[in-house]
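Engineer: This is the structure, below, for whatever I ask next.
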Amino acid sequence: DLLIQDPVLAKQVSDMAFLTSSFEVHDREALSSLLFLGVNYPNVLALMGKQDWFVDGLDDLEAAFVVVLGTPPEPHPGPMDFLGFMRNRQEGSKTIILPLAGEVRLNWIQNKPEAMRTVTMEQAAQDLRDIREAMLDQLEDAIRAMEELTGLPFPRQEIIALLALPRELNLGSEVDYLDLNRGTHILVDPELTIPGETNRALFHEIAHYYWGADQAPLWFREGAADFLTSYVRDRTYGGSLRVNVSPELAFGLKSCDSMQVPTIQKLIDKLAVEGYAAHRQASNFTCNHNRGENLFIELYDLLSPGPFSAAWRELHQLAAQQKRPVDENEIYQAFLRQATGDTVDAFKGLYARLHGGDFPD
């Protein structure tokens, strides 16, 4: 496709180091980004083509930035918002070895010290290093804990993380913070990654590599991501799972009650009527997070960790085999199969109360 769209660029890129040394996931994604830019943002592609780092030939880390640059906006940030990083940035990589997935590479992209609003260059460099190391440490902690709970290998062999404040991407004051999983990469707000503290937003976005739109319904994937976030905090940073999440979750559930969203089924009905775009903008959208996480916490307590994880594995593997999201009945049946004679009735009552809807036995 790139050869047809821009044969000169295709020939230039084909000789670059990031393709000639190996062909990895980000290489394919970088080529897709170049094609997307050529079709939709030719001025951005032309500007990138004049940068010394591009003219000299892309290496793997520069190809990772191209992946970020050429991702479609949804709705923001878009390619025009990354022009500052196109001209001036630093980047690096760290490899971790996981029990199930094996080798996973963590690529990071960050502003250079001269872009920081600090007193000295030395202090700016130290601040950036501290932020980056805290993010990478928490990223690794999160992935290890998620593998432990799910019993599933982390789904990607590489993560690309761009650390940026909203103002660094020309986003307005209406954007309070920036943590997004864009599939090919994640955007991380460095002000939320403070050494010694946890970044729930970062954990949530990483969890979406397990549970995304290809795996499960909306309430499930948002609730599962929040549950995994709370699990990471519990396992890695100490304390009780319930104690850690209960203040935030209790407030969220109370808000859902006030908005007349007492069950997950009510959310499913609203989504069917409103459509995703309108539902995403509704004030009760966050109930997908709150109601979903609450159901998973209760199921985790009722079934115990082993059976709970077994149900999740079954559903994740089913979605992969069928190449579609699991449906509501499949979710119910997977958890029901993990209930024992002592917990079957309690499970049915719990599911009816928190999820709602009708399910066959």
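Engineer: With respect to Asp342, is the statement that it is in the same structural domain as Glu222 (by TED's automatic domain parsing) and more than 19 Å from Ile264 (Cα to Cα) true?
Structural biologist: Numbers: in the same structural domain as Glu222 (by TED's automatic domain parsing): yes; more than 19 Å from Ile264 (Cα to Cα): yes.
Answer is yes for this residue.
Engineer: Which of the numbered conditions does Val326 fail, given that it passes all the others? Conditions: (1) in the same structural domain as Phe227 (by TED's automatic domain parsing); (2) free of Cβ contacts under 8 Å to residues at least 40 places away in the same chain; (3) assigned to a loop (DSSP other than H, G, I, E, B).
Structural biologist: For Val326, the exception is condition (2).
Engineer: Any idea which of (1) in contact with a Gly (Cβ under 6 Å, 6 or more places away or on another chain); (2) crowded, with 17+ Cβ neighbours inside 10 Å; (3) among the charged types (D, E, K, R) is the one Arg313 doesn't satisfy?
Structural biologist: (2)
Engineer: Can I ask one more? Quick check, is Glu148 over 30 Å from Thr236 (Cβ atoms) and modelled with pLDDT of 90 or more? Even if it seems obvious, please write down each step before you answer.
Structural biologist: Details: over 30 Å from Thr236 (Cβ atoms): no; modelled with pLDDT of 90 or more: yes.
It is false that Glu148 is over 30 Å from Thr236 (Cβ atoms) and modelled with pLDDT of 90 or more.
Engineer: Sort out which residues of region 281-299 are of a type in the set (D, E, K, R) and within 16 Å of Asp269 (Cβ to Cβ), and write them in order of number. So that I can check it myself, show each step before the final result.
Structural biologist: First pass over region 281-299, keeping only residues of a type in the set (D, E, K, R): 291, 293, 298.
Arg291, the sole residue that qualifies.
Engineer: Taking region 1-60 on its own, how many of its residues are in a helix (DSSP H, G or I), at pLDDT 85 or above and of a type in the set (Gly, Ala, Ser)?
Structural biologist: Qualifying residue count, region 1-60: 5.
Engineer: Ok, one more. Go through region 53-103 residue by residue and tally those that are within 14 Å of Leu187 (Cβ to Cβ), touching a residue at least 40 places away in the same chain (Cβ under 8 Å) and of a type in the set (D, E, K, R).
Structural biologist: Looking only at that region, the number is 2.
Conditions tested, residue by residue: (1) outside any strand (DSSP E or B); (2) free of Cβ contacts under 8 Å to residues at least 12 places away in the same chain; (3) touching a Cys at 6+ places or on another chain (Cβ under 8 Å); (4) not polar (S, T, N, Q).
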| residue | (1), (2), (3), (4) |
| --- | --- |
| Ile109 | no, no, no, yes |
| Ala124 | yes, yes, no, yes |
| Leu128 | yes, no, no, yes |
| Gln138 | yes, no, no, no |
| Ile143 | yes, no, no, yes |
| Leu149 | yes, no, no, yes |
| Ile159 | no, no, no, yes |
| Leu162 | no, no, no, yes |
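Engineer: Could you list, ordered by first residue, the pairs with Cβ atoms under 7 Å in which the first is in region 346-361 and within 17 Å of Val261 (Cβ to Cβ) and the second is polar (S, T, N, Q), at least 6 apart or interchain?
Structural biologist: Close Cβ pairs (under 7 Å, with a partner that is polar (S, T, N, Q)) amount to Leu354/Thr263; Leu354/Asn294; His355/Thr263; His355/Gln265; Gly356/Thr263; Gly356/Gln265; Gly357/Gln265.
Engineer: Within region 257-293, work out how many residues are touching a Leu at 6+ places or on another chain (Cβ under 8 Å), assigned to a loop (DSSP other than H, G, I, E, B) and polar (S, T, N, Q).
Structural biologist: The qualifying residues number 1.
Engineer: Within region 279-294, does at least one residue satisfy the condition of being without any contact (Cβ under 8 Å) to a residue 40 or more places away in the chain, closer than 20 Å to Arg233 by Cα and surrounded by fewer than 12 Cβ atoms within 10 Å (Cβ to Cβ)?
Structural biologist: No, the conditions are met nowhere in region 279-294.
Engineer: If I go through region 131-162 residue by residue, how many of them are small (Gly, Ala, Ser) and within 13 Å of Pro190 (Cα to Cα)?
Structural biologist: Count: 2.
The values are calculated or read from the model by the stated rules, or taken from the named source; none is laboratory data. On a predicted model such as this, the values are computed, not experimentally measured, just so you know. FYI the Cβ positions are ideal-geometry reconstructions off the backbone, even for glycines, and counts take in every protein chain you see.
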